[in-house]
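Colleague: Structure in structure tokens, see below.
The values are calculated or read from the model by the stated rules, or taken from the named source; none is laboratory data. Remember, predicted model here, so these are calculated numbers, not experimental data. For neighbour counting, all protein chains shown are included, and Cβ atoms are generated from backbone atoms with ideal geometry for every residue, glycine included.
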């Protein structure tokens, strides 16, 4: 089995406080791994480690078998894209939002490429020259995902991307993520929604107090008798 990302004895400490502690886990290539756990468990910090927005204070991270520090920041962030809950949307057209990364890389985005990407993520082509700030919440998240995919990312990091959306938009985003997974892209997805983790994840990691306290296939975790797992599952369904 090949791994997209591996954490080996990884810790992250700030002002003598352990934010992440001694994590040794593997992310399977081409799968969706969902991260669940209470607020403050270290999920977002772990996600930011994956594309070097933060660096571990101990241990090693491997990306596709190579230590993460062998990649330049540009190469790493092309390989590993990230979409946040409130993804930054520029006060300009949808096209200019899509073209941003290409511009930073001193490359051009053609209108044909942009239209193709809108179609890919389920956005109407008529939106291309619309002001991006006028889009709905669900459309903005689709735009953020499209902007990341234009980088041809092989690994996609998602941080609570549906938490502020209405049920219809959530369903559309979930369908889009399934479509992206079918292209072989590895996905790591933070969610507080247990039902979503169960429905979308091939694997689930349960985090608490900066540690991965349980991990396994979705079926294994949902049927686990582990006290940490049960505490979170029961709490999340109240």
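Colleague: Please give the number of the condition residue 89 fails out of (1) in contact with a helix residue (DSSP H, G or I) (Cβ under 7 Å, 6 or more places away or on another chain); (2) part of a helix (DSSP H, G or I).
Modeller: It fails just one condition, (2).
Colleague: Out of curiosity, is residue 200 surrounded by fewer than 17 Cβ atoms within 10 Å (Cβ to Cβ) and modelled with pLDDT of 95 or more? Step through it out loud before you land on a result.
Modeller: Working: surrounded by fewer than 17 Cβ atoms within 10 Å (Cβ to Cβ): no; modelled with pLDDT of 95 or more: yes.
For residue 200, the condition - surrounded by fewer than 17 Cβ atoms within 10 Å (Cβ to Cβ) and modelled with pLDDT of 95 or more - is not met.
Colleague: With respect to residue 60, determine if the residue is over 24 Å from residue 191 (Cα atoms) and either out of contact with any helix residue (DSSP H, G or I) (no Cβ under 9 Å at 6 or more places or on another chain) or at pLDDT below 95 (or both).
Modeller: Working: over 24 Å from residue 191 (Cα atoms): yes; either out of contact with any helix residue (DSSP H, G or I) (no Cβ under 9 Å at 6 or more places or on another chain) or at pLDDT below 95 (or both): no.
It is false that residue 60 is over 24 Å from residue 191 (Cα atoms) and either out of contact with any helix residue (DSSP H, G or I) (no Cβ under 9 Å at 6 or more places or on another chain) or at pLDDT below 95 (or both).
Colleague: I've got another one for you. Give me a count of the residues in the range 65-83 that are buried (at least 17 other Cβ atoms within 10 Å of the Cβ) and either modelled with pLDDT of 95 or more or in a loop (DSSP other than H, G, I, E, B) (or both). Working first, answer last.
Modeller: Step one: of the range 65-83, the residues buried (at least 17 other Cβ atoms within 10 Å of the Cβ) are 68, 71, 76-83.
Filter once more, keeping what is either modelled with pLDDT of 95 or more or in a loop (DSSP other than H, G, I, E, B) (or both): 68, 71, 80.
So the count comes out to 3.
Colleague: So, one more: Tell me which residues, restricted to the range 103-120, are touching a helix residue (DSSP H, G or I) at 6+ places or on another chain (Cβ under 6 Å) and either surrounded by 21 or more Cβ atoms within 10 Å (Cβ to Cβ) or not in a loop (DSSP other than H, G, I, E, B) (or both).
Modeller: Passing the criteria: 114, 115, 117, 118.
Colleague: Let me ask something else about it. Mind telling me which of the residues 57, 29, 13, 44 ends up being in contact (Cβ under 8 Å) with a residue 40 or more places away in the chain and under 20 Å from residue 214 (Cβ atoms)?
Modeller: On the way: 57 fails: under 20 Å from residue 214 (Cβ atoms); 29 fails: under 20 Å from residue 214 (Cβ atoms); 13 fails: under 20 Å from residue 214 (Cβ atoms).
Step by step, each of 57, 29, 13, 44 is checked, and only 44 is in contact (Cβ under 8 Å) with a residue 40 or more places away in the chain and under 20 Å from residue 214 (Cβ atoms).
Colleague: Tell me which residues, restricted to the range 1-48, are closer than 15 Å to residue 82 by Cα and in contact with a helix residue (DSSP H, G or I) (Cβ under 8 Å, 6 or more places away or on another chain).
Modeller: Passing the criteria: 5, 32, 34, 35.
Colleague: Residue check, residue 187 against (1) closer than 23 Å to residue 49 by Cα; (2) at pLDDT below 95, all met but one. Which one?
Modeller: (2)
Colleague: Let me ask you something else. Report yes if residue 188 is out of contact with any helix residue (DSSP H, G or I) (no Cβ under 6 Å at 6 or more places or on another chain) and in contact (Cβ under 8 Å) with a residue 12 or more places away in the chain, otherwise no.
Modeller: So residue 188 passes the test.
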